Amino acid sequence: MDIKSEIDLDKLPRHVAVIMDGNGRWAKQHGKPRVFGHKNGVRAVRETTEAAAELGIEYLTLYAFSTENWKRPKLEVSALMTLLVETLHQELSTLLKNDVRLNAIGAVEKLPAATYETLLKSIESTRNNQRMTLNLALNYSGKWDILQATRTIAHKVANATIRPEDIDDELIAKYLSTAGMPDPELLIRTSGESRISNFLLWQMAYTELYFTPVFWPDFGKSDLYQAIVAYQQRERRFGKTSDQLLP
Ligand code: FPP
């Protein structure tokens with residue numbers, strides 16, 4: 001049976017997060033430099049975005065560049081930054097046509113100026129789009145996010161706009177870079193690695209984790225459908241017993 005028809009459209013995750021991994025190994029398998037893998041990864045970004053929007057997923061968050069990725073060879077980092085600029089230019093009309101809003105999470109102001117400016121322009125041009133939010137995590141890490149939220153809250157406590165006793169889950173979530181978005185119900189990581197790698201740490205407290213051996217450049221629509229079907233087959237208990245979940 002066609003895997004897409006197995007998806008229950010009434011039980012879709014509202015927010016799907018993806019760790020796009022395996023570009024380098026995919027390139028090596030093809031006897032090519034790592035950057036070739038990243039270039040082919042763009043095709044997977046396009047397909048996944050399209051499939052998610054078609055299904056009716058509200059938020060898709062892609063881990064495109066982590067705080068730790070600066071440690072990669074200089075040439076690879078600059079190639080990734082250039083690729084990002086090229087991709088944003090190339091895909092802007094498709095985002096507009098498909099009513100997809102672009103957003104970024106992370107310390108984006110520390111990206112190279114050309115990347116930062118193109119990013120801000122793309123975000124600005126798509127800001128009224130409604131169908132889906134494509135969230136790019138760029139210069140992002142989960143610890144960074146918790147840290148920047150903590151700092152902001154600490155300043156507010158210091159100038160008496162927040163009382164320490166007002167700090168709860170909800171307040172912290174309001175100062176994270178994902179403020180206003182639902183927590184992801186599903187995380188997909190490609191390439192056979194089973195780690196969270198400093199991604200959305202606070203937000204993934206109850207996220208279902210799905211690991212697939214497929215390298216990111218080979219990831220396509222049917223892989224996304226398969227992940228959603230697997231998610232829908234799981235029982236989400238949020239600390240309760242199975243019996244307590246019965247209607
Ligand atoms: C992980 O593979 C991939 C990345 C760190 C970069 C992801 C970037 C893209 C897919 C291209 C541009 C993205 C956008 C949103 C336009 P890896 O290099 O860690 O692979 P390896 O583990 O096999 O070495």
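The values are calculated or read from the model by the stated rules, or taken from the named source; none is laboratory data. This one's a predicted model, so the numbers in the text were calculated from it and none came from an experiment. Cβ: placed from backbone, ideal geometry, glycine included. Neighbour counts: every protein chain shown.
Residue count for the range 125-153, restricted to those that are hydrophobic (A, V, I, L, M, F, W, C) and loosely packed, with under 12 Cβ neighbours inside 10 Å: 1.
Taking strands (runs of 3 or more DSSP E) that do not extend beyond the range 1-108, which have at least 3 residues that are within 9 Å of the ligand (Cβ to nearest atom)? Before the answer, list the steps.
On the way: elements: 15-19, 59-66, 100-105.
Here the list reads 59-66.
Within the range 194-247, the residues that satisfy the criterion of being in a helix (DSSP H, G or I), modelled with pLDDT of 95 or more and not hydrophobic (A, V, I, L, M, F, W, C) are PRO217, ASP218, LYS221, SER222, ASP223, TYR225, GLN226, TYR231, GLN232. Could you tell me whether SER122 is within 15 Å of the ligand (Cβ to nearest atom), assigned to a helix (DSSP H, G or I) and surrounded by fewer than 20 Cβ atoms within 10 Å (Cβ to Cβ)? So SER122 does not fit the description; no.
A single member of THR152, THR115, THR161 is farther than 26 Å from LEU187 by Cα, in contact with a Leu (Cβ under 9 Å, 6 or more places away or on another chain) and either in a strand (DSSP E or B) or among the hydroxyl-bearing types (Ser, Thr, Tyr) (or both), and it is THR115. Restricting attention to the range 168-199 and to residues that are in contact with a helix residue (DSSP H, G or I) (Cβ under 9 Å, 6 or more places away or on another chain), of a type in the set (A, V, I, L, M) and within 16 Å of the ligand (Cβ to nearest atom), the residue that is farthest from LEU134 (Cα to Cα) turns out to be ILE196.
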